[in-house]
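The values are calculated or read from the model by the stated rules, or taken from the named source; none is laboratory data. Fair warning: this is a prediction, and the values are worked out from it, not measured in the lab. Counting neighbours? That spans all protein chains shown, and the Cβs are built from the backbone with ideal geometry, glycine included. Only protein heavy atoms, including side chains, enter the accessible area calculation; ligands, DNA and RNA are left aside. Shrake-Rupley method; radii C 1.70, N 1.55, O 1.52, S 1.80 Å.
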Amino acid sequence: AISVLKEAYSVLSETPQGQGAELRSKVQAAAADDLLQHPDCGVRMWAAKCLAEGLRIFAPEAPLEKRQLQACLCLFLEQLSRLAAPGGTKQLSLMGLLEKLAEIRAFMLLFECEDAES
């Protein structure tokens, strides 16, 4: 799963914003429940990186259903919480994810979710 996600990330990260309509299926595949809840934290991290790039490409319209979007935001929070463990082997990738999420203002999508008021 990691090799497929790394390949997808490579394609997504090189795609300019507003282009790549044909990549919608790759972004949606990265939001699959089996990846978001995968037992390997590395798989979840690469899924998060793909989703962040997908949100950037398709901004301002997220290419995900509301349920997927909520799960995606939970995944982002889970991944960012791993930054609290200093010296982890994935720190550089996690910092890159944090920078991308800040750049695309991903957490503004909380307001798109149905339960935003609660």
| query | What are the residue pairs meeting all of these: first residue in region 66-83, first residue farther than 15 Å from Ala31 by Cβ, second residue not in a helix (DSSP H, G or I), Cβ atoms under 9 Å, and 6 or more apart or on different chains? | reply | Arg82/Gly88; Arg82/Lys90
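Would you check if there is a residue in region 79-100 being modelled with pLDDT of 90 or more and either open to solvent by less than 40 Å² (accessible area, probe 1.4 Å) or part of a loop (DSSP other than H, G, I, E, B) (or both)?
Taking every residue of region 79-100 in turn, at least one turns out to be modelled with pLDDT of 90 or more and either open to solvent by less than 40 Å² (accessible area, probe 1.4 Å) or part of a loop (DSSP other than H, G, I, E, B) (or both).
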